[in-house]
Amino acid sequence: MPTATDTLANAHAILAGAQDKSDQLRNIKQLFIDLSLRANPVGERVGACVAVARSRLPSPLKLLVHMHAGGGFENASVLEALLNGADGAWGGLPKRAAINGHASLGELIANLVRVGNPRMAQTYQLDQLLPPATGLQVLDEEEAVPDDLPILGHNTYRLPLSFFRQRPDRFMDLMPEAIGGTYRYRICPVVSDSAVIAGRLAEVTSEAASHFAQPTLEQMLRLMRRELSAGERIVYDQPEQLMALYQRAIHSLADTQPPQ
């Protein structure tokens with residue numbers, strides 16, 4: 001298996017050859033160099049190779065990187081490449097690509113917004129990022145974007161617990177509205193709180209979240225966890241199961257009220 005040292009040595013050799021032909025390279029608009037990082041494609045190693053490339057490729061050549069997915073390093077590797085001198089990334093807005101997808105431009109733009117890069121808002125209509133990033137994938141594949149896809153997936157901004165809500169005043173948080181999304185809710189029996197249950201009920205019934213009484217919401221929490229402890233496996237997030245739970249909570253509270 002090649003080591004990081006082997007990869008860097010190969011990068012130096014390839015790019016030294018390119019540098020020797022700098023006069024010819026100045027007339028080339030696109031130059032593709034494939035430095036295989038499959039053996040150990042961690043961000044630090046990618047960054048080191050990009051730093052070598054940046055030091056040797058002559059101006060005005062632009063250095064763009066394209067990272068495939070599969071090992072889970074792709075988005076971190078792009079950020080590492082940018083920190084080490086890459087001019088940008090080459091890819092598509094959606095996640096899907098060859099192998100198991102790639103570090104998409106949709107994800108990269110969102111991550112740069114997350115770390116406070118001001119050029120994103122100056123350059124792009126960020127409040128329109130999610131619709132084309134997901135719509136193009138649907139158009140290409142003729143099927144829905146996977147719900148659990150990071151950043152772009154349907155479940156990314158479905159809150160299971162109020163503590164997880166992103167805030168505009170906290171570094172590294174990314175509000176869904178910043179990239180054209182909106183918060184929704186997802187019931188998870190072990191962790192969801194009453195605010196999440198109220199939010200999901202509001203989605204299902206079109207009533208305001210404030211319409212649902214706090215004692216009923218708390219009873220729904222108790223019933224969910226009681227049923228889970230009894231070995232019942234109910235998908236409370238499904239509208240019909242959620243409404244059945246809501247009715248059970250109302251009836252059980254009524255049963256405990258003292259007679260008038």
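Do the conditions hold for P146, that is, is it modelled with pLDDT of 90 or more and within 25 Å of G72 (Cβ to Cβ)?
Judged against the criteria, P146 is not a match.
State which residue is nearest to R119 (Cα to Cα) when the search covers only the stretch 64-81 and only residues that are surrounded by fewer than 18 Cβ atoms within 10 Å (Cβ to Cβ) and modelled with pLDDT of 85 or more.
L64
Please go through the stretch 98-123 and pick out each residue that is closer than 19 Å to E143 by Cβ and buried (at least 16 other Cβ atoms within 10 Å of the Cβ).
G101, H102, S104, G106
Going by the conditions given, is N100 of a type in the set (S, T, N, Q) and touching a residue at least 12 places away in the same chain (Cβ under 8 Å)?
For N100, the condition - of a type in the set (S, T, N, Q) and touching a residue at least 12 places away in the same chain (Cβ under 8 Å) - is met.
Does A213 satisfy being at pLDDT 95 or above, buried (at least 16 other Cβ atoms within 10 Å of the Cβ) and of a type in the set (G, A, S)?
no
Identify the single condition in (1) within 19 Å of L159 (Cα to Cα); (2) surrounded by fewer than 16 Cβ atoms within 10 Å (Cβ to Cβ) that A244 does not satisfy, given that it satisfies every other one.
With respect to (1) within 19 Å of L159 (Cα to Cα); (2) surrounded by fewer than 16 Cβ atoms within 10 Å (Cβ to Cβ), A244 is out only on (1).
Among the helices (runs of 4 or more DSSP H) contained in the stretch 124-237, which hold 2 or more residues that are more than 23 Å from A110 (Cβ to Cβ) and touching a Phe, Trp or Tyr at 6+ places or on another chain (Cβ under 7 Å)?
Where helices (runs of 4 or more DSSP H) fall fully within the stretch 124-237 and carry at least 2 residues being more than 23 Å from A110 (Cβ to Cβ) and touching a Phe, Trp or Tyr at 6+ places or on another chain (Cβ under 7 Å), they are 194-205, 214-229.
Would you say L223 is in contact with a Leu (Cβ under 7 Å, 6 or more places away or on another chain) and not hydroxyl-bearing (S, T, Y)?
For L223, the condition - in contact with a Leu (Cβ under 7 Å, 6 or more places away or on another chain) and not hydroxyl-bearing (S, T, Y) - is met.
The values are calculated or read from the model by the stated rules, or taken from the named source; none is laboratory data. Remember, it's a predicted structure, so these values are computed and weren't measured experimentally. Note that each Cβ is placed from the backbone with ideal geometry, even for glycine, and that neighbours are counted across all protein chains shown.
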